[in-house]
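Working notes, beginning with the structure itself.
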Amino acid sequence: MKAVVWHGKHDVRVDEVPDPRIEEPTDAVVRITSTAICGSDLHLYSKLWPAMREGDIVGHEPMGIVEEVGRDVTHIRPGDRVVVPFNIACGSCFQCKADMHSQCETTQNKSVRKGASLFGYTHLYGAVPGGQAEFLRVPQAHFGPIKVPEGPPDTRFLYLSDVLPTSWQAVAYADVHPGGSVTVFGLGPIGQMCARIARHFGAERVVGIDQVPERLAMAQRHGVETVDFSTVDDITDALWAMTDGRGFDSVVDAVGMEAAGSLADSVLQAVKLQPDKLVALHNAMGVVRRGGTLSISGVYGGVFPAFPLGDIFDKQITIRMGQANVRRWVDDILPLLTDEDPLGVGDLTTHEVPLAEAPEYYKLFQEKRDGCIKVVLKP
Ligand SMILES: NC(=O)c1ccc[n+]([C@@H]2O[C@H](COP(=O)([O-])OP(=O)(O)OC[C@H]3O[C@@H](n4cnc5c(N)ncnc54)[C@H](O)[C@@H]3O)[C@@H](O)[C@H]2O)c1
Ligand SMILES: [Zn+2]
Ligand SMILES: [Zn+2]
C-alpha cells in the first residue's frame, strides 16, 4: 500500500510499504478514505530528532471503512464507517475508567515514561504506524473506533479523530462558562474550534490571536473578536487594555512549540537558553486574570528554563493541559455534527488532495500559503 513516510527534517514521502494485517484479537484493519494533516505533524516535520526514525508512517487523524476485525472486536464489523481516535486506549484500565484515555495503562510507554501510545507519533509514543496511508492497523479496536452514520461527507465526522475533542477538552479545561471572557492564542484548526466551542459554552467575549490574515478572517466569520499580534507592540498589554486591566477568565494556548516570536526568542533558542518557541505560552500566562484558568492544548515537550512560577503563584492561576482524551468527549460532540452544523465544522477544510500529494501539502501547510488551514488527504 501507499503511505506517508518520514525520512527526515522537511522530508516526508509517499512510499510503497507492506499492507498491515490483524496481529492481535483486539485489532482491526481500516481502509482509509480521509486522513488529515495536523499541527502536531508539523512538530515532527520541522525538525530532525531521535524520536523519529526514517521509515516511520505518520498521521493520526484518519477515518474509513472497516476491512477486517480480530475476534475480540464486536462493536464494529467489516463495512462499517468509522473514525479512529488519535490515542490508542484499552477502555478498561484504571486510567481509561477515569476517562483519561491519553494515559491508558495498557498502552502507556513506561520504558520512556510517556503516556498512551498514539498513531504515527514517534518512538516515545509507541512507534505505531500512522493513518496517512491506504490502510491502518488499529490496535485496541474493541474500544477505539467510533462508528458514524453513512451519508454526509467524511469531513463532517473526520475531526472527531482529534481536532474537535482536543478543542472541546481545551475549552472544558479552561473553565469557560456562560458570561465569561476567553482568549485563544493561535487560530489554526484547534484554535478556530476552541473559539467556536467557547461561544457554544456561552462565553460572552471570545478573542482570538494570530497573525495570519485568512485565519483571523475565518475566526471573525464565526463571531470571534481578533487581534493580529504582529500589529501591536505588546500583545499582553493590548489584551489587558481590552479588559480594563482585569485580564481574561479563561485562556487557551492553541499554538504549542512552533510559535512565531521575536528576534530575541530566536537568539535565545540558537544559544540553547530557550529550548523551543515559548512565546505564545508566556503571553497566554500573562493575560489570564488573577484567579483565572489557563488551558494548554498546544503541544510542548522537554524542560523549560525561565518558567514564571512566581507570577503564576502570585496570580493564583489554575493550569490544565495534556493530550485530548478523545473518547471522553465524543458523546458531547456527535449530536452537534448535523446538517445545521452549529460549530461550522464544514468550514474548516481548506484543501482536499490525493494522498500522493502529501509532501507538497505538508510544505504548504507549514508555510501557511494559499490560505491553507486544514489539509485532508484522500488515499
Ligand atoms: N493536546 C492535544 O491533544 C493536541 C491535539 C492536536 C493538536 N495539538 C496541538 O495544538 C496546536 C495547534 O494545532 P493546529 O493544528 O491548530 O496547528 P497550526 O500550526 O495550524 O496552528 C497554530 C497557529 O498558531 C499561530 N501562532 C504562531 N505563533 C503564535 C503566537 N506567538 N501567538 C499567537 N498565535 C501564534 C500560527 O500562526 C497558527 O495559525 C499544536 O501545537 C498541536 O500540536 C494538541
Ligand atoms: Zn492531530
Ligand atoms: Zn486503558
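Cβ-Cβ below 8 Å, separation at least six or inter-chain, first residue in segment 16-45 and free of Cβ contacts under 8 Å to residues at least 60 places away in the same chain, second more than 16 Å from ligand 3 (Cβ to nearest atom) and small (Gly, Ala, Ser): which pairs?
Close Cβ pairs satisfying both conditions: Pro25/Gly70.
If only one of Val138, Val148, Val163, Val184 is away from ligand 1 (no atom under 16 Å from the Cβ), touching a residue at least 40 places away in the same chain (Cβ under 8 Å) and crowded, with 24+ Cβ neighbours inside 10 Å, which one is it?
Val138
Filter segment 336-357 for residues that are over 19 Å from the mean Cα position of the chain (by Cα) and assigned to a strand (DSSP E or B) and give the result.
Residues satisfying the conditions are Val353, Pro354.
Inside segment 208-227, can you point out the residues that are surrounded by 24 or more Cβ atoms within 10 Å (Cβ to Cβ) and over 15 Å from Gly344 (Cβ atoms)?
Ile209, Asp210
Would you check which residues across segment 69-107 are free of Cβ contacts under 8 Å to residues at least 60 places away in the same chain, away from ligand 1 (no atom under 16 Å from the Cβ) and touching a strand residue (DSSP E or B) at 6+ places or on another chain (Cβ under 8 Å) and list them?
Those that are free of Cβ contacts under 8 Å to residues at least 60 places away in the same chain, away from ligand 1 (no atom under 16 Å from the Cβ) and touching a strand residue (DSSP E or B) at 6+ places or on another chain (Cβ under 8 Å): Arg77, Pro78, Gly79.
Of all residues being surrounded by 17 or more Cβ atoms within 10 Å (Cβ to Cβ) and of a type in the set (D, E, K, R) in segment 70-89, which is farthest from Ile32 (Cα to Cα)? Just the residue, please.
Only one residue tops the list, namely Asp80.
Can you tell me which of (1) in a helix (DSSP H, G or I); (2) touching a strand residue (DSSP E or B) at 6+ places or on another chain (Cβ under 6 Å); (3) free of Cβ contacts under 8 Å to residues at least 60 places away in the same chain is the one Val206 doesn't meet?
All conditions pass for Val206, except number (1).
Filter segment 54-69 for residues that are surrounded by fewer than 23 Cβ atoms within 10 Å (Cβ to Cβ) and either touching a Ser or Thr at 6+ places or on another chain (Cβ under 7 Å) or at pLDDT below 95 (or both) and give the result.
Ile65
Go through segment 99-118 residue by residue and tally those that are touching a Pro at 6+ places or on another chain (Cβ under 9 Å) and within 16 Å of ligand 2 (Cβ to nearest atom).
2
For Ser297, work out the one condition from (1) hydroxyl-bearing (Ser, Thr, Tyr); (2) within 12 Å of ligand 1 (Cβ to nearest atom); (3) not assigned by TED's automatic domain parsing to the domain that holds Asp249 it doesn't fulfil.
Condition not satisfied by Ser297: (3).
The values are calculated or read from the model by the stated rules, or taken from the named source; none is laboratory data. Keep in mind the model is a prediction, meaning the values are calculated, not measured. Quick reminder, even Gly has a Cβ in these numbers, built from the backbone with ideal geometry, and neighbours come from all protein chains shown.
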